[in-house]
Amino acid sequence: MNDSRRTGVQLRPTMMDVASRAGVSQATVSLVLNGSPGARLSEATRIRVREAADELGYKLFKRGQRRTPVEQGIIWFIADEIATDPWIGLAFDGAREKAMEYGLMVCLFVTHGDPETEAMVINQANQQPLLGVIYGTILTRRVEPSVALPENRTVLLNCYDAKRRLPSVLPGELVGGRVATERLIQAGRKRIGLINGQEGLDASRDRLKGYRQALSSNDISFDPDLVKPGNWEPSSGYEMTHEFMKMDNPPDAIFCANDMMAVGCFDALRELGLHVPGDVSVIGFDDREIAQFTRPPLTTLVLPQYEMGEIAAELLIDAAGGLQAGPTQIKVECPLVERESVE
């Protein structure tokens, strides 16, 4: 199994590397390299992505290109949602492309969080020639897996069970929060505000932990007044930035816990006549498509859902080949994407 994103050793280029080189999102790379006809992308963007892939030697596996055969069967990808955000779609793409390397199929089922629908889908899965199940959630969270799931090889994606009975693949959001904050510190910023996500969510908790770790490691005192609650939407980025700038000693940098709040942050700073990054540096998280089109383009971190999907499929394929690693939890790196919103 390729451990490049788990150990820091780069064994072969990934879609994430192509996205970083081309200055686009992973979703754009997937659309270009898969030749999606309905994608509204400029020819310049398509050329830039293809050139980045060629320079890195990245190859997208196509149908018919197979590696060593493994036990035959279908991988069922069960998700609670797919339409509200791009993340599960990217994870499914990663799992599908990895499975195609071995001549395997992945089928997607969306339950919309309905327990009865989920039970019906799992019951049907148990009656099929199944290689295994990837069980994914749109929010990183603890789940109580159906008792029927352990009958199959199952990998949890973007979620985990409290008893660690099943292997899980999660984004490394604590380390990501630390990397984001340290990048602002490296730019010479000392008063760093955080507009966090909704309270009670794993992503908000871990990104805050990473923020606090970075401050502590650099001998900067934690100031609770520099942490504001957000809701993942531009409106809260806008409102909380105005709150920050009313302070007697406002922040000289703002870490927005996702890119959508950074969009609102940019709007507020522009209204106040402040320049990014000259007056206030701003960093986001997730690397949504919009991050490359803000003015200035937003420095952010990738939410590595495509790679998480690849890894989840690899775990199932390894298990089918006889490699039983036992229950484990894998945290996947959230790489920094340098653009122009941090000096």
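For the reader, a short list of remarks on this structure follows.
- Per this entry, residue 213 is counted among residues that are within 27 Å of residue 252 (Cβ to Cβ), outside any strand (DSSP E or B), open to solvent by 10 Å² or more (accessible area, probe 1.4 Å) and touching a Leu at 6+ places or on another chain (Cβ under 9 Å).
- Every condition in (1) part of a helix (DSSP H, G or I); (2) farther than 22 Å from residue 303 by Cβ; (3) of a type in the set (Phe, Trp, Tyr) holds for residue 222 except the one numbered (1).
- Qualifying residue in the range 326-335 (condition: more than 18 Å from residue 180 (Cα to Cα) and under 19 Å from the mean Cα position of the chain (by Cα)): yes
- The range 79-94 - residue that is touching a Leu at 6+ places or on another chain (Cβ under 8 Å) and either part of a loop (DSSP other than H, G, I, E, B) or modelled with pLDDT of 95 or more (or both) and, of those, surrounded by the most Cβ atoms within 10 Å (Cβ to Cβ): 91
- Restricting the first member to the range 103-115 and to residues that are under 19 Å from residue 146 (Cα atoms) and assigned to a strand (DSSP E or B), and the second to residues that are among the small types (Gly, Ala, Ser) and open to solvent by 60 Å² or more (accessible area, probe 1.4 Å), the beta-carbon pairs closer than 9 Å and six or more apart or on different chains are 110/83.
- Enumeration of residues in the range 119-151 that are part of a strand (DSSP E or B), open to solvent by less than 10 Å² (accessible area, probe 1.4 Å) and either over 14 Å from residue 161 (Cβ atoms) or in contact (Cβ under 8 Å) with a residue 24 or more places away in the chain (or both): 131, 132, 133, 134, 136, 137
- Among the residues here, residue 189 does not qualify as open to solvent by 60 Å² or more (accessible area, probe 1.4 Å) and part of a loop (DSSP other than H, G, I, E, B).
- Residue match in the range 229-249 (condition: under 29 Å from residue 41 (Cα atoms), out of contact with any Leu (no Cβ under 7 Å at 6 or more places or on another chain) and among the basic types (Lys, Arg)): no
- Just one of the listed residues (190, 163) is of a type in the set (D, E, K, R) and under 26 Å from residue 301 (Cβ atoms), namely 190.
Results for (1) among the hydrophobic types (A, V, I, L, M, F, W, C); (2) surrounded by fewer than 24 Cβ atoms within 10 Å (Cβ to Cβ), shown as yes or no for each residue.
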residue	(1), (2)
158	no, no
163	no, yes
170	yes, yes
174	yes, yes
178	no, yes
185	yes, yes
199	no, yes
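- Positions within the range 105-121 being out of contact with any strand residue (DSSP E or B) (no Cβ under 6 Å at 6 or more places or on another chain) and either at pLDDT 95 or above or of a type in the set (A, V, I, L, M) (or both), in sequence order: 119, 120
- Subset of the range 287-309 [in contact with an Asp or Glu (Cβ under 7 Å, 6 or more places away or on another chain) and farther than 25 Å from residue 188 by Cβ]: 288, 290, 303, 304, 306, 309
The values are calculated or read from the model by the stated rules, or taken from the named source; none is laboratory data. Model, not experiment: these values are computed from the prediction. Note that each Cβ is placed from the backbone with ideal geometry, even for glycine, and that neighbours are counted across all protein chains shown. Side chains are part of the model used for accessible areas, which takes the heavy atoms of the whole protein and leaves out ligands, DNA and RNA. Shrake-Rupley method; radii C 1.70, N 1.55, O 1.52, S 1.80 Å.
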